[in-house]
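The values are calculated or read from the model by the stated rules, or taken from the named source; none is laboratory data. Quick caveat, the model's predicted, so the values are computed rather than measured. Cβ placement follows ideal geometry from the backbone for every residue including glycine, while neighbour counts extend to all protein chains displayed. Accessible surface areas use protein heavy atoms only, side chains included; no ligands, DNA or RNA. Shrake-Rupley method; radii C 1.70, N 1.55, O 1.52, S 1.80 Å.
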Amino acid sequence: MPFRLLIPLGLVCVFLPLHHGAPGPDGTAPDPAHYRERVKAMFYHAYDSYLENAFPYDELRPLTCDGHDTWGSFSLTLIDALDTLLILGNTSEFQRVVEVLQDNVDFDIDVNASVFETNIRAFQTPTGMPYGTVNLLHGVNPGETPVTCTAGIGTFIVEFATLSSLTGDPVFEDVARLALMRLWESRSDIGLVGNHIDVLTGKWVAQDAGIGAGVDSYFEYLVKGAILLQDKKLMAMFLEYNRAIRNYTHFDDWYLWVQMYKGTVSMPVFQSLEAYWPGLQSLIGDIDNAMRTFLNYYTVWKQFGGLPEFYNIAQGYTVEKREGYPLRPELIESAMYLYRATGDPTLLELGRDAVESIEKISKVECGFATLLVEILMRPTISIRGQKLKMSDEMSKDCLSILYNTCVCTEGVTKRLAEKNDFVIFLFTLMTSKKTFLQTATLIEDILGVKKEMIRLDEVPNLSSLVSNFDQQQLANFCRILAVTISEMDTGNDDKHTLLAKNAQQKKSLSLGPSAAEINQAALLSIPGFVERLCKLATRKVSESTGTASFLQELEEWYTWLDNALVLDALMRVASEESEHSQGTSGDNALPHTSARTQLPQSMKIMHEIMYKLEVLYVLCVLLMGRQRNQVHRMIAEFKLIPGLNNLFDKLIWRKHSASALVLHGHNQNCDCSPDITLKIQFLRLLQSFSDHHEKGQNLHSSAVQQPRSCPLPFEPICFRNKYLLLNNQELNELSAISLKANIPEVEAVLNTDRSLVCDGKRGLLTRLLQVMKKEPAESSFRFWQARAVESFLRGTTSYADQMFLLKRGLLEHILYCIVDSECKSRDVLQSYFDLLGELMKFNVDAFKRFNKYINTDAKVFLKQINSSLVDSNMLVRCVTLSLDRFENQVDMKVAEVLSECRLLAYISQVPTQMSFLFRLINIIHVQTLTQVHWHPEAADMHSVRLPLALQENVSCLNTSLVILMLARRKERLPLYLRLLQRMEHSKKYPGFLLNNFHNLLRFWQQHYLHKDKDSTCLENSSCISFSYWKETVSILLNPDRQSPSALVSYIEEPYMDIDRDFTEE
């Protein structure tokens, strides 16, 4: 149980006088002595439960009856209870606890303690304002943030001045006074202070001014410090603040949050932490104002039986996800001060209400969450029209308590996740707008820890439920769908090897579709579902706000307030906007209402970004699922691509990042902002939309295809739709390129429905290329951008597509990044090498342009290839395939390129090919391929991780096979194998390389055994039929030691090790 529970109980005990007269619940006069005894009993219930179940931890968790450390790992609840024990007159227990603490508590421990919560500081900063956290053993950590809240700086003078008085050492009071003065000197021109400040620079980071969270006890300690120390200067400081607060934040006896430099409203809410203010006003003699404000606050208490954390003043109700009452003592304290100042007996009603409310809503044994589940799942006693009906208000209250319980108490969410019938039932509560957001939030948290994926087809009336959602509800619902349609993560330990995953996939095929696939099918069966998602993804910000009032828009925004990513984004927005506000504050008069109630455009944009990234994620998952062809057609039909094109400049890529972006796994580990995540989701969707990894018929016409392009027997749906990334003018340009080159126009271009393509001066692909070329060298966006553009080229090579991109300077940009920009990111370099290979493959004009740019820097470029062969192997493969094609063509332009291009000349040399082959085989091992590793920067909002084994190591194996297949075609395979054997011996480990290669090829056979999709990809990208791939592998694995093309013929008997069993059951 949090230690703060002991505070209100002690206050109530002091507050209730030993006389009669205050009306009781039934109108009769209560017995104050009775209530005092009840308060004592409540205190000892909490106190004894802590001692029995939680000591020596900081706090008791009352729902699980155990303890945990929070603020410092030194029995903080017991320390905090000492003064309450004295107030209750229990001196013997006080003495016992002091002795226990002396014997058991050690403050010289390696623990990061909250400086504010434990009143311990680290004050050695340039400004004299303390850090927010300090390590009790080592002091301030090197990486500690310098950003501290205002209250965390100004709440020391009472304790520290007392400490100086008791010890005779003035240093404690001196540092506390210095911190107060630095805050005073940092106030704005209109006399307000913000919420968070950088203690090193003195710059305000969060500029919201108010009297609540983050600021509250600063004002409180100015007054109490002034009274304790009889210090007129401290009181003068508070009175000056009080005038500014009344001028800019005071409305109808409420206090709002405003921008500290302008005084414009930022949040029209009452926070429960603000309830100390009437008591503070009473201490300075401002009784009338204190009583009016107190009555406002008490009205909220009466409405809910406690003070919610946030209360929307305009709406007269709680703010979503801020409904809980964490047993704060502030309002009880104000009532106590006002009663002592006025003697008004009506104030005693709050004391009585506090006793009744706290005991009613807070007293628990264990398992309170289970009771709430039962209440939710059965009708209440409220009768309407002779029918039992669940009260929406009761449902909302139960859901809010459950959500806060899940957040605050470990293990509750997992226990709820085990109740599958309850999880299904929660979906039915989403039919009511009053309970929608609480339900959606709770479902999302529960599904995040649920071991087995829920099936949406078990949700009653799913189609009707989703169809009745408004657009905002549907966008929120996408947060739930993100969990239900994504395949569950199998983990990254060594047991989940690539072979095991292959076996699992084969088993899954025999068992039928997975739960995620069933859920995807269920959603796609809902009429209009994809169309509505497309509309959400492409609506403009102006369309999303409509004619809603300021307060309605702000209330909608609150639904996102608990998202740390949004708060980070708002922090940046506030920082940017402060550049325009500092030094330009207005008159001291109250700003005009219209200026104060205008919702910032930046907030509207961020709100829309949060919705769109969820929607784009769902669309992206559906694009990669079993029904991807259906989804491709629907997305094209509903004009998602042209819609995104219209949003590109103003929303999706509205500004470039100022620094390199290192992305991490989203949700649990990600520190990506919504802006960043939206860009990544957008790029992933473009990649999925253009991706050519579709099932097709194998090419059997010849072992190695010879024509300039290798058309498929049929073109998959995505190949046709990828041209929707262009506009009509750009499609005409593709046709002109084909005509000029005297080659047949790509059928997919001819078949593209021109009514569905991008409009405007530039298509989406061209816009992407423009921002790609402006991206900073180390930006991780480059990885995603290159992948998206590569997916447009991937598959069957199209000369027209390549020339379209070459004309836009893509080749020069790629070469600049690889050679001249000093880019150090492996992932970016790999993606650029891969893109370069697809851009140049089989294209003489591309090689000619390449040679013109790189001729003087050829050594630098070749060094890059050789220094990172794992990353550049796809380029090596494409150049090798192109060289083979060119050598078999009789054409003057081809002959000229072959004679002049240093890259082709380098790759054509047998020693070069042997060096690549030796290193590619030596890079990878069966153990590597049978253990899944994870791509370090392939992070997006739902932790989609790319296996290195598939992405890199299998790719290296396939590149080595391409070299040997082409050698086989030229009847030089035995020569290459002999050279590999000699290289083995020269490196002093005979047999090791060829044994490893033999095992790798056995793995290759198993890996591609049932992978029609992957085998078709190999076939299309290389223009070599997959049957030729399989034949070459079979020849190499021939067990006949007399075969000149069999690996075993080149492994000497003493070094033979080809029968290793690397398979897994």
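Being of a type outside the set (Phe, Trp, Tyr), part of a helix (DSSP H, G or I) and surrounded by 15 or more Cβ atoms within 10 Å (Cβ to Cβ) is true for just one of 153, 211, 197. Which residue is that?
On the way: 211 fails: part of a helix (DSSP H, G or I); 197 fails: part of a helix (DSSP H, G or I).
None of the others qualify; the one that does is 153.
Let's see how each residue does on (1) outside any loop (DSSP other than H, G, I, E, B); (2) at pLDDT below 90; (3) open to solvent by less than 30 Å² (accessible area, probe 1.4 Å):
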| site | (1), (2), (3) |
| --- | --- |
| 183 | yes, no, yes |
| 187 | no, no, no |
| 192 | no, no, yes |
| 218 | yes, no, yes |
| 222 | yes, no, yes |
| 227 | yes, no, no |
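Listed here are the residues, each with its yes/no results for (1) closer than 30 Å to residue 303 by Cβ; (2) open to solvent by less than 30 Å² (accessible area, probe 1.4 Å); (3) at pLDDT 85 or above; (4) aromatic (Phe, Trp, Tyr).
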| position | (1), (2), (3), (4) |
| --- | --- |
| 394 | yes, no, no, no |
| 431 | yes, no, yes, no |
| 452 | no, no, yes, no |
| 470 | yes, no, yes, no |
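Within the group 52, 59, which residue is under 41 Å from the mean Cα position of the chain (by Cα), at pLDDT below 85 and open to solvent by less than 60 Å² (accessible area, probe 1.4 Å)? Can you show your working first?
Numbers: 52 fails: open to solvent by less than 60 Å² (accessible area, probe 1.4 Å).
Exactly one residue qualifies, and that residue is 59.
Might you check whether a residue that is within 40 Å of the chain's Cα centre (by Cα), outside any helix (DSSP H, G or I) and of a type outside the set (A, V, I, L, M) occurs anywhere in the range 328-346?
yes
Within the range 807-843, how many residues turn out to be part of a helix (DSSP H, G or I) and either within 22 Å of residue 781 (Cβ to Cβ) or modelled with pLDDT under 95 (or both)? Spell out the reasoning first.
Here is the first cut: in the range 807-843, the residues part of a helix (DSSP H, G or I) are 810-820, 826-840.
Retained after the next criterion (residues that are either within 22 Å of residue 781 (Cβ to Cβ) or modelled with pLDDT under 95 (or both)): 810-820, 826-839.
Residues meeting the conditions: 25.
For the range 291-315: of the residues being of a type in the set (S, T, N, Q) and touching a strand residue (DSSP E or B) at 6+ places or on another chain (Cβ under 7 Å), which is farthest from residue 404 (Cα to Cα)?
Let us first name the residues in the range 291-315 that are of a type in the set (S, T, N, Q), namely 293, 296, 299, 303, 312, 315.
From the residues that got through so far, the ones that are touching a strand residue (DSSP E or B) at 6+ places or on another chain (Cβ under 7 Å) too are 296, 312.
Numbers: 296: 25, 312: 19 Å.
In this case the residue turns out to be 296.
Go through 245, 284, 332 for me and flag whichever is open to solvent by 30 Å² or more (accessible area, probe 1.4 Å) and not charged (D, E, K, R). Talk me through it step by step, then tell me what you get.
Working: 245 fails: open to solvent by 30 Å² or more (accessible area, probe 1.4 Å); 332 fails: open to solvent by 30 Å² or more (accessible area, probe 1.4 Å).
Matching residue, one of 245, 284, 332: 284.
Given the structure, is residue 969 open to solvent by 10 Å² or more (accessible area, probe 1.4 Å), at pLDDT 85 or above and under 25 Å from residue 907 (Cβ atoms)?
Answer is yes for this residue.
Considering each residue of the range 1017-1052, count those that are among the aliphatic types (A, V, I, L, M) and in a loop (DSSP other than H, G, I, E, B), and give that number. Before the answer, list the steps.
Just the residues of the range 1017-1052 that are among the aliphatic types (A, V, I, L, M), to begin with: 1018, 1024, 1033, 1035-1037, 1046-1048, 1051.
Retained after the next criterion (residues that are in a loop (DSSP other than H, G, I, E, B)): 1037, 1046, 1051.
So the answer is 3.
Check whether at least one residue in the range 872-882 is open to solvent by 70 Å² or more (accessible area, probe 1.4 Å) and closer than 21 Å to residue 782 by Cβ, and report yes or no.
Residues of the range 872-882 that are open to solvent by 70 Å² or more (accessible area, probe 1.4 Å), as a first pass: none.
Checked against the condition, which is being open to solvent by 70 Å² or more (accessible area, probe 1.4 Å) and closer than 21 Å to residue 782 by Cβ, the range 872-882 yields no hits at all.
Out of 342, 380, 346, I need the residue that is at pLDDT 60 or above and open to solvent by less than 70 Å² (accessible area, probe 1.4 Å). Which one? Lay out the reasoning, then the answer.
Working: 380 fails: at pLDDT 60 or above; 346 fails: open to solvent by less than 70 Å² (accessible area, probe 1.4 Å).
Just a single option satisfies the conditions, and that option is 342.
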